[in-house]
Amino acid sequence: QVQLVESGGGSVQPGGSLRLSCGASGFTFYFDTYAMSWHRQAPGKERELVAAITGAGDGTNYADSVKGRFIISRDNAKNTVYLQMNSLKPEDTAVYYCNPGGFNSGNYFSYDYWGQGTQVTVSS
């Protein structure tokens, strides 16, 4: 079965950086067949898409709130997707999840597979 294991979260001061990792296994097809994404969910809020990347890693998109601060990347040889988060703000505080999916007319769609998430807390 599909397994997604997120790691790299923690507590950081505003302006700091973190790098999240997500190891994936159990996919029906090769890992690079799937677009991948990071989502986040803050307390009392709905889960939101933060960043997505194509299977080959040659295309990305980002939520407006993180553009210019976050970078999504992937290593298909390691079945791993990353999220480099810079210039972190308190409003970035959330549980972060990785997710497999695809792109349709430039829009990312999710398959319903989720890991346990990793907590990111930005506070002074």
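The values are calculated or read from the model by the stated rules, or taken from the named source; none is laboratory data. Note that the coordinates shown come from a computational prediction; the quantities given were computed from them, not determined experimentally. We place every Cβ from the backbone using ideal geometry, glycine too, and count neighbours over all the protein chains shown. For accessibility, only protein heavy atoms count, side chains too; no ligands or nucleic acids. Shrake-Rupley method; radii C 1.70, N 1.55, O 1.52, S 1.80 Å.
Data for the structure
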item: Looking only at region 11-35, and only at residues there that are assigned to a strand (DSSP E or B) and more than 14 Å from residue 84 (Cβ to Cβ), the one that is most open to solvent (accessible area, probe 1.4 Å); result: 11
item: Residue within region 74-96 that is of a type in the set (Phe, Trp, Tyr) and within 17 Å of residue 7 (Cβ to Cβ) present; result: yes
item: Per-region count, region 24-59, residues farther than 21 Å from residue 107 by Cα, among the hydroxyl-bearing types (Ser, Thr, Tyr) and either out of contact with any strand residue (DSSP E or B) (no Cβ under 6 Å at 6 or more places or on another chain) or in contact (Cβ under 8 Å) with a residue 60 or more places away in the chain (or both); result: 2
item: Subset of region 77-106 [surrounded by fewer than 16 Cβ atoms within 10 Å (Cβ to Cβ), assigned to a loop (DSSP other than H, G, I, E, B), at pLDDT 95 or above and not basic (Lys, Arg)]; result: 77, 86, 87
item: Hey, residue 4 part of a strand (DSSP E or B), closer than 11 Å to residue 98 by Cβ and out of contact with any Lys or Arg (no Cβ under 6 Å at 6 or more places or on another chain) or not; result: yes
item: Which numbered condition residue 122 misses (of (1) within 13 Å of the chain's Cα centre (by Cα); (2) open to solvent by less than 10 Å² (accessible area, probe 1.4 Å); (3) over 14 Å from residue 4 (Cβ atoms)); result: (1)
item: Residue 99 being touching a residue at least 60 places away in the same chain (Cβ under 8 Å) and under 26 Å from residue 1 (Cα atoms); result: yes
item: Residue, nearest to residue 95 (Cα to Cα), within region 36-74, restricted to residues that are open to solvent by 50 Å² or more (accessible area, probe 1.4 Å) and assigned to a strand (DSSP E or B); result: 41
item: Subset of region 107-117 [under 18 Å from residue 32 (Cα atoms) and buried (at least 16 other Cβ atoms within 10 Å of the Cβ)]; result: 108, 110, 113, 114
item: Subset of region 107-119 [part of a strand (DSSP E or B) and within 17 Å of residue 42 (Cα to Cα)]; result: 118, 119
item: Matching residues in region 23-33 - criterion: being out of contact with any helix residue (DSSP H, G or I) (no Cβ under 7 Å at 6 or more places or on another chain) and at pLDDT 95 or above; result: 23
